[in-house]
Amino acid sequence: MILLPAVVVPFIFGHVLILTFMGTDRHPSKGLYLTLAGVAGYGSVSFLYFAWRSFGGTASWHYAAAETLLAFSLLFLYRKRFPEFCSPAKAKPSSPMRFAAWGGAISIILSVALLAAALPHGTLDAWAIWNLHARFLHRATGLWWEGYAELHPLTHPDYPLLLPSLIARFWAWSGESPVAPGLACVLTAGALMGLAAGFVQAAGSRLAACFIPLVVMVPPMSMQAAARIADLPLAAYMLGTLGLLSTAISTRENQNGAFAASGFLAGCAAWTKNEGNMFLVVTASALVIFLFRDIGGKRAFRRLALFVAGAVPGIAALAAFRLLVPVGNDLVSAATNARTVSQIFDLDRQIQIFSAFISEWTRFGWGISWIVVLLWFIRPSEPRGTNLAIWIILVMLAGYFAAYLVSPHDLSWHLGTSLSRLFCQIWPSFAVMAFIRHGRRTDSTASPDML
Amino acid sequence: MARLAYSPNQQPVRARIAASLIAAVSFLSLIYSFGSLRQTIIISDSSPADSISVFENRLRPLQADLAPFQSAGFVEPGRPSRTADPTDLARFLLSQYALAPLIIVPGTDATVIIEIGADGAPLPPGSVLIAENRFGDRVYLREVPANP
């Protein structure tokens, strides 16, 4: 029972955050608002727990009590502020359609829960990396980072701590058990589906909004969700960031708030995995180009500043972690200049990586992935915001390609053990943006002030 | 895809096809998951819990003796490396997972050494057996005197 308040309290933090960033006006739908609040809230309690433990707080009910007190204090301060949602659509999908959509979403959640039950400690990466790091945060009686840097390189002590911090936070509430990581993976699957359906629905594609959770949670995604690794939380933060940016750019409404909120989610992405660091840098760089080319002047500077300000909690947590645990990344520390240069210009290596990308993309999406690629080539109705998103996704893919190119590890081993997880990170954003691109936000079935 | 957006006039055929597809995919997804769970239950029939929990239980009695230490050596057939046999590597990582926040260091260069399934492995002279797993499953803890 103690897990129930542990699940609910982050939504209060998220509610306060989204209201602070985006105000009370014109939120697209209750479902999307709730999901965004959950995603932002879980990011914020991860920062809180990391700060609590780093400043000497104990891993006990004291944290749960302090977190609850803070949450309800914030709720009291915000008691008179409630979001205003767009008027209900004039035309809703039929009852069988909605029934099927909810049935589909629930069956996927059940599937992830069943798969998670079959793997109580998750896959090797889950227990050897993420749960292990969580145990340091939870079990250490002194300073949690003492000796942490001496962990074996295979356990990747350089990885950021959003997921371990969340798991350890659950343990502070309810005691150490495999249930908390399992709960985190079910919540992540729900967040991905909620964000996907919410953004697509906000773009005016109501029927597509019923489909998109199934498209996003293709079976390999469900398997990765049940594996309890950090790639799916990262995927959720990437989707939240790109969804907010693209809808704000398309609608030209509440852009300041959306930029700040997306900055916060991008900061959470950076706090989740090293690839999230790259995502934050790529997104900020893309925004510099987009804002100063299309808007320019003070407005562009202001929005960029809001994005960066939103990302400050993530950047601060990451900076503190790097100071406490000064460990290099295995890809960087094991590389040598001469070998790296020769690998970059090795044509066979490039072909091997490219071939692996194509075959994994085909295998990963069970064929659906190529249909979604085709969607990108059909003339869109809402291209502006999604153009920014697709450039960010393509640069991320190029970054993954470059990482394999310079990797000091055996290339076949490296591709075989990580490429599918990298595709899990970008797949939800790629699929959702393709559907948003063909939404009909201004048609008769959509509310004109949507988002 | 722009025409995928719902309109009341298009409701019967397209919506029914869509609903049927969603239901079919969801059903398949559930069947697949039940299959995985059933497989796990069949496998776990031969042992009381999953292999990771079993291994954790095997090392649990060592935790009290290891509490004063920040790190421990680790001896077993094979050393953790990328080319090591996966079983050995998994055993090393499992030990680290089970005994965290203790740092496990491969080899014998430590004050205390955990020995798992390594009967006859070379240990530093003067090392003393200070604990043995109560289940007697070839798990030992040896202490190396400061000045052997």
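Things to note:
- Hits in region A:171-191 (condition: touching a Ser or Thr at 6+ places or on another chain (Cβ under 9 Å) and either farther than 13 Å from A:L3 by Cα or hydrophobic (A, V, I, L, M, F, W, C) (or both)): A:W171, A:A172, A:A180, A:A189, A:G190, A:A191
- Top-ranked residue in region A:141-164 [being without any contact (Cβ under 8 Å) to a residue 12 or more places away in the chain and small (G, A, S); ranked as nearest to the other protein chains (Cβ to nearest Cβ)]: A:G147
- Helices (runs of 4 or more DSSP H) contained in region A:34-148 and holding at least 1 residues under 30 Å from A:V327 (Cα atoms) and among the polar types (S, T, N, Q): A:131-139
- Restricting attention to region A:380-392, the residues that are in contact (Cβ under 8 Å) with a residue 40 or more places away in the chain and surrounded by fewer than 20 Cβ atoms within 10 Å (Cβ to Cβ) total 5.
- Any hit, region A:299-322, residues being surrounded by fewer than 17 Cβ atoms within 10 Å (Cβ to Cβ), over 25 Å from the mean Cα position of the chain (by Cα) and not basic (K, R): yes
- Residues located in region B:56-86, provided they are in contact with a Phe, Trp or Tyr (Cβ under 8 Å, 6 or more places away or on another chain), at pLDDT 80 or above and within 11 Å of another protein chain (Cβ to nearest Cβ): B:E56, B:F74
- Selection within region A:226-280 - among the aliphatic types (A, V, I, L, M) and touching a Pro at 6+ places or on another chain (Cβ under 6 Å): A:A235, A:L239
- Residue in region A:395-411 that is modelled with pLDDT under 90, surrounded by fewer than 21 Cβ atoms within 10 Å (Cβ to Cβ), away from chain B (no Cβ under 14 Å) and under 21 Å from A:L245 (Cα atoms) present: no
- When region A:21-42 is filtered for residues that are more than 15 Å from the chain's Cα centre (by Cα), at pLDDT 90 or above and either crowded, with 24+ Cβ neighbours inside 10 Å or aromatic (F, W, Y) (or both), only A:Y33 remains.
- Applying the set (1) over 23 Å from A:M217 (Cβ atoms); (2) within 7 Å of chain B (Cβ to nearest Cβ) to A:A117 leaves exactly one unmet item: (1).
- Of all residues in region A:203-225 being modelled with pLDDT of 85 or more and of a type outside the set (V, I, T), the one that is farthest from A:S165 (Cα to Cα): A:P213
- Among the residues of region A:302-329, those identified as over 29 Å from A:L242 (Cα atoms) and assigned to a helix (DSSP H, G or I) are A:L323, A:L324.
- Residue identified as at pLDDT 90 or above and either within 14 Å of chain B (Cβ to nearest Cβ) or over 22 Å from the mean Cα position of the chain (by Cα) (or both) among A:I390, A:I358: A:I358
- Within this structure, A:T123 passes the test of being more than 23 Å from A:V332 (Cβ to Cβ), modelled with pLDDT of 85 or more, surrounded by fewer than 19 Cβ atoms within 10 Å (Cβ to Cβ) and under 25 Å from the mean Cα position of the chain (by Cα).
- The numbered conditions (1) facing chain B (nearest Cβ under 7 Å); (2) in contact with a Pro (Cβ under 8 Å, 6 or more places away or on another chain) are all true for A:F85 except (1).
- Being in contact (Cβ under 8 Å) with a residue 60 or more places away in the chain and closer than 20 Å to A:S44 by Cα is a description that does not apply to A:L207.
- Within region A:43-57, the set of residues being more than 20 Å from A:A191 (Cα to Cα) and surrounded by fewer than 24 Cβ atoms within 10 Å (Cβ to Cβ) comprises A:L48, A:A51, A:W52, A:S54, A:F55, A:G56, A:G57.
- Test result for A:N254, among the polar types (S, T, N, Q) and over 24 Å from A:L32 (Cβ atoms): no
- A:A184 part of a helix (DSSP H, G or I), modelled with pLDDT of 90 or more and of a type outside the set (F, W, Y): no
- Condition check for A:F364: modelled with pLDDT of 85 or more, under 30 Å from A:M223 (Cβ atoms) and of a type outside the set (S, T, Y): no
- Among the residues of region A:150-180, those identified as aliphatic (A, V, I, L, M) and at pLDDT below 90 are A:L154, A:V179, A:A180.
The values are calculated or read from the model by the stated rules, or taken from the named source; none is laboratory data. Since we're looking at a predicted model, the values are computed, not measured. Note that we place each Cβ from the backbone using ideal geometry, even for glycine, and neighbour counts take in every protein chain shown.
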